[in-house]
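*Asks:* Take a look at this one; I'll ask things after.
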Amino acid sequence: MAAPLNLLQLTQGEKTFGGQHIFQKASFAVNEGEHLGVIGPNGAGKTTLFRILIGEEDLDSGQMIKSQTLKLGYLSQHDHWGETETGNQFLERVCQMPTWQVKSSGRDLRVSEAMLDRPILSLSGGYRMRIKLLGLLGQKPTLMLLDEPTNYLDLETTLLLERFLQNFDGAFMLISHDREFLRRTTDHILEVEQGK
């Protein structure tokens, strides 16, 4: 059996903000199919790490090696949709595959056609998160970056998200303060603390 493909590798990464070291000699790797939890105190640099991975921030030094097959999908804490945009309009805008295919692959998220026809801003936080996840699936990422996806979620959506992640074949990195959620959904933990 072939070893899993390395999707992403960071070696000796350094990042400083206002004289404070966010990362010092940080190194890690993510392989195909790995489910990686990212933990650490507030302000430790978890979201900054994600912003570096997607190219919104730069390392001060160090090396980032990305596989040619790497395609990042980022689920941020912040929403980016129009005031009257419906779920279907959002999926049409962000997906790179037919929306019927996205809806089929995300059936476990239980988003009805009636929900997708409504303006997203009229929906609960739980349904907004489900639609954001559908949009992410529609981008066909080989590595999903999920930044605190359980924030403000009702119990039903948290359980759906948990099952979805447990059954997800691809790789993901998941920032969360909920260690039990991470224990149930990830197979590796990356701890970010005091620049290490």
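Values in this text are rule-based calculations from the coordinates and carry no lab data. Worth saying up front: this structure is predicted, and the values here are computed from it rather than measured. A quick note on method: Cβ atoms are made from the backbone with ideal geometry, for glycine too, and the neighbour counts reach across all protein chains shown.
*Asks:* Which angle from 0 to 90°, rounded to the nearest 10, does the C-alpha axis of helix 125-137 make with the longest principal axis of the chain?
*Replies:* Approximately 70 degrees, to the nearest 10.
*Asks:* Can you find, among Leu182, His21, Asn42, the residue farthest towards the positive end of the dipole of the chain? Put +1 on the C-beta of Lys and Arg, -1 on that of Asp and Glu.
*Replies:* Of the options given, the answer is Leu182.
*Asks:* Within 10 Å of each residue's Cβ, count the other Cβ atoms and sort Lys66, Lys15 from fewest upward. Could you put the intermediate results ahead of the total?
*Replies:* Numbers: Lys66 15, Lys15 22.
In order of increasing Cβ crowding within 10 Å: Lys66, Lys15.
*Asks:* Could you check the spin-label model distance between Glu83 and Arg179? Points 7 Å from the Cα along Cα→Cβ, value in nm.
*Replies:* Taking the two extended label points, one gets 4.5 nm.
*Asks:* Moving on. Around Glu85, which amide H atoms from residues at least 5 apart in sequence, or from another chain, sit under 5 Å from its own amide H, with H modelled in the peptide plane?
*Replies:* Excluding prolines and chain starts, which carry no amide H, the hits are Ile120.
*Asks:* Could you work out [θ]222 nm for the chain from helices alone, using -39500 (n - 2.57) per DSSP H run of at least four and dividing by all its residues? Round to the nearest 500 deg cm²/dmol. List each step's numbers first, then the result.
*Replies:* On the way: 7 runs with 60 residues, N = 196.
Rounded to the nearest 500, the figure is -8500 deg cm²/dmol.
*Asks:* Roughly how many whole Å is it from the C-alpha centroid of the stretch 79-122 to that of the stretch 1-38?
*Replies:* 32 Å
*Asks:* Using Cα pairs closer than 8 Å and at least 6 residues apart in sequence, work out the relative contact order for the chain, in percent. Write down the numbers at each step before the final one.
*Replies:* Working: 349 pairs, mean separation 63.7, N = 196.
Normalised by residue count, the contact order of the chain is 33 percent.
*Asks:* Something else now. Among DSSP beta bridges whose residues both lie in the stretch 6-191, state the antiparallel percentage, nearest 5. Numbers along the way, then the final one.
*Replies:* On the way: 14 of 31 bridges.
DSSP beta bridges in the stretch 6-191 are roughly 45 percent antiparallel.
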